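Undergrad: Below you'll find the structure I mean.
The values are calculated or read from the model by the stated rules, or taken from the named source; none is laboratory data. Computed from a predicted structure; not experimentally measured. Every residue, glycine among them, receives a Cβ derived from its backbone with ideal geometry; neighbour counts consider all protein chains shown.
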Amino acid sequence: MVLKGIRTSLIMWLSHTLIPCLLTDGVAALPAPQNLSVHSTNMKHLLMWSPVVLPEETVYYSVEYQGEYESLYTSDIWIPSKWCSRTEGPECDVTDDITATVPYSLRVRAILGSQTSAWSILEQPFNRNSTILTPPGMEISKDGFHLVIELEDLGPQFQFLVAYWRREPDTKEHAKVVRKGGIPVHLETMEPGAPYCVKAQALVKAIGRHSAFSQTKCVEVQGEALPLVLALFAFFGFMLILVVVPLSVWKMGQLLQYSCCPMVVLPDTLKITNSPQKLISCRREEVDVCATAMLSSGLGSSGLGKGPTCQELTAWSAGHRTHEIVIVAHWHWGNCRRGVAQAASAASVKMFPVACAVVDSEASLETSLAFLS
Amino acid sequence: MKAQGVALWLLGTALVLCSMYTHGFRRCLTSVDMHHLEECFQEIKRAVQTKDIFPNITILSTVETLRSVKPMDVCCVTKNLLEFYMDRVFKDHQELKPQILRRISSIANSFLYMQKTLQQCQVQRRCHCSEEATNATRMVHDNYDQLEVPSAATKSLGELDVFLAWIEKNHQETSPA
């Protein structure tokens with residue numbers, strides 16, 4: 001009886017000590033990672049788990065996946081993850097592994113040297129159509145009068161639907177599909193007077209879903225003040241021109257008139273009211289005509305020295321009223337002085353009647369007949 | 001008057017049937033990103049096609065089989081060929097290299113998704129299988145059975161580009177989503 005008891009207790013003691021030892025040797029006490037979860041935003045899938053912490057040891061992890069096809073048709077096949085067949089962090093980007101819109105099973109285990117933990121499997125298989133789609137980041141700018149939009153680059157699986165309108169009553173909304181983010185896209189040419197508003201949503205064809213619309217952003221072009229000022233300027237400028245030009249033309253005309261065809265009035269003293277013969281007193285026929293210079297094509301003068309007598313001159317001028325004669329004759333009783341002759345060319349002098357006047361006195365006589373520059 | 005009325009009624013019915021038919025047909029489309037699948041295949045094409053030891057035999061790409069499929073039969077033929085690949089080709093092909101395995105997995109899972117969308121049509125009785133469609137499918141299976149399993153699977157894998165191109169051509173969406 002006692003021996004039996006001792007034997008059983010011995011067996012029990014052995015089983016309690018040896019078996020656990022044998023068991024723990026296989027598992028090596030490396031715990032499996034816990035709390036597996038997938039966080040997916042905008043088609044970026046991140047597998048996360050609680051890390052296995054060991055003092056002074058770096059624990060690595062290995063991730064494997066199995067699509068629904070594998071779980072249905074070839075259930076023993078697990079495929080190692082593209083980026084996380086040996087990773088340090090307690091997370092893994094499985095975006096490149098989840099490439100179809102079917103449920104995927106994921107599993108993780110810890111690795112320490114040659115030891116590996118048991119596999120820890122994600123509770124619920126993950127389907128990428130449960131990803132959270134956020135409204136896309138959107139930047140509106142105006143390039144002169146152009147409405148330009150730049151959307152966030154979310155990858156090749158994303159397209160965007162952009163809605164834009166002019167904030168005015170009775171205007172309809174326009175829509176445009178933008179196939180790629182990250183590049184500026186021209187929407188419309190804006191006209192001043194009202195703001196233009198834009199909003200966008202992301203579309204993922206692979207899962208047949210779209211995000212909510214982003215916040216509406218509005219922009220306006222300033223064009224009102226400037227054209228108005230310009231218009232006023234233009235108007236006044238035009239009015240000015242309308243007034244100034246005729247005025248200046250008229251003035252110029254006057255100037256030209258004076259310069260080329262002046263209306264000069266002969267002073268009364270030189271006007272011939274009666275026959276020229278009356279004016280000339282040819283009493284002193286023997287007076288020396290000291291110097292007369294006559295330049296006229298009609299007279300055919302002899303120049304200096306002996307000039308025509310007064311009578312000749314008068315007679316000639318009566319018959320040749322249209323000829324230009326410029327004579328300044330200077331008679332001086334007694335002493336003959338050479339007269340100053342001033343001549344002008346035939347072309348520039350107008351026609352004047354010749355007048356002679358003789359002062360019957362001993363004072364010097366100056367006779368200016370007619371001249372004009 | 002009566003004749004006119006009858007004619008109009010017939011025309012109306014014909015139009016309604018036509019629209020129903022085309023509407024139904026258009027519904028049976030897969031919305032998979034074919035571009036991604038084609039890219040996937042291109043990456044493994046060389047590795048798979050060089051292992052093909054029977055270059056003169058084709059399983060899928062006979063002129064009669066695919067090109068002569070009528071629009072009405074597209075849904076049925078697509079569904080059958082997807083089944084063919086998933087049930088036989090991918091299962092029979094034993095791949096060891098992880099890079100190739102990943103891409104085959106991607107294609108296989110995409111096929112599974114396509115099949116699910118077509119099954120909806122089948123439930124709605126819009127995926128009717130005519131005799132020609134059934135014959136075409138049977139021909140493919142027979143060709144596959146002519147060869148030994150590993151070679152047949154390799155060959156069929158190598159002909160995936162033909163199948164993918166055919167799907168893209170026949171399942172184009174005419175109206176935007």
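Undergrad: Please pick out the residue among A:T99, A:T58 that is out of contact with any strand residue (DSSP E or B) (no Cβ under 7 Å at 6 or more places or on another chain) and within 13 Å of B:S105 (Cβ to Cβ).
TA: The match here is A:T99.
Undergrad: Evaluate segment B:45-64: report whether one residue or more is assigned to a helix (DSSP H, G or I) and within 14 Å of chain A (Cβ to nearest Cβ).
TA: No, segment B:45-64 has no match at all.
Undergrad: Follow-up. Going by what's in this entry, would A:R86 be described as at negative phi, more than 53 Å from the chain's Cα centre (by Cα) and buried (at least 19 other Cβ atoms within 10 Å of the Cβ)?
TA: No; evaluated as a whole, the condition is false for this residue.
Undergrad: Scanning segment B:110-132 for residues that are under 27 Å from B:C40 (Cβ atoms) and aliphatic (A, V, I, L, M), which turns out farthest from the chain's Cα centre (by Cα)?
TA: Restricting to residues being under 27 Å from B:C40 (Cβ atoms) and aliphatic (A, V, I, L, M), the top hit is B:L112.
Undergrad: Considering every residue within segment B:134-153, establish whether at least one is more than 14 Å from every other protein chain (Cβ to nearest Cβ) and touching a Lys or Arg at 6+ places or on another chain (Cβ under 7 Å).
TA: yes
Undergrad: Quick one: is A:E68 among the acidic types (D, E) and away from chain B (no Cβ under 14 Å)?
TA: No; evaluated as a whole, the condition is false for this residue.
Undergrad: Looking only at segment B:73-88, which residues are aliphatic (A, V, I, L, M) and either over 28 Å from A:V94 (Cβ atoms) or facing chain A (nearest Cβ under 10 Å) (or both)?
TA: Once the filter is applied, which keeps residues that are aliphatic (A, V, I, L, M) and either over 28 Å from A:V94 (Cβ atoms) or facing chain A (nearest Cβ under 10 Å) (or both), segment B:73-88 yields B:V74, B:V77, B:L81, B:M86.
Undergrad: Let me ask something else about it. Run B:T58 past the list (1) modelled with pLDDT of 80 or more; (2) more than 20 Å from the chain's Cα centre (by Cα); (3) more than 19 Å from B:R103 (Cβ to Cβ) and report the number of the one that doesn't hold.
TA: All conditions are met except number (2).
Undergrad: Any idea which of (1) of a type in the set (D, E); (2) within 17 Å of the chain's Cα centre (by Cα); (3) surrounded by 14 or more Cβ atoms within 10 Å (Cβ to Cβ) is the one B:D52 doesn't satisfy?
TA: (2)
Undergrad: In segment A:62-76, which residue that is surrounded by 15 or more Cβ atoms within 10 Å (Cβ to Cβ) and charged (D, E, K, R) is farthest from the chain's Cα centre (by Cα)?
TA: A:E70
Undergrad: Quick check on segment B:89-115: of everything there that is in a loop (DSSP other than H, G, I, E, B) and free of Cβ contacts under 8 Å to residues at least 12 places away in the same chain, which residue is nearest to the other protein chains (Cβ to nearest Cβ)?
TA: Step by step, filter segment B:89-115, then rank; the result is B:E95.
Undergrad: Counting just the residues of segment A:76-131 that are in contact (Cβ under 8 Å) with a residue 60 or more places away in the chain and within 12 Å of chain B (Cβ to nearest Cβ), which one comes out farthest from A:S50 (Cα to Cα)?
TA: Among them, the one singled out is A:T101.
Undergrad: Which residue pairs have Cβ atoms closer than 6 Å, lie 6 or more positions apart in sequence or on different chains, and pair a first residue in segment A:177-192 that is at positive phi with a second residue that is surrounded by 13 or more Cβ atoms within 10 Å (Cβ to Cβ) and assigned to a loop (DSSP other than H, G, I, E, B)?
TA: From residues that are at positive phi, the pairs are A:G182/A:D153.
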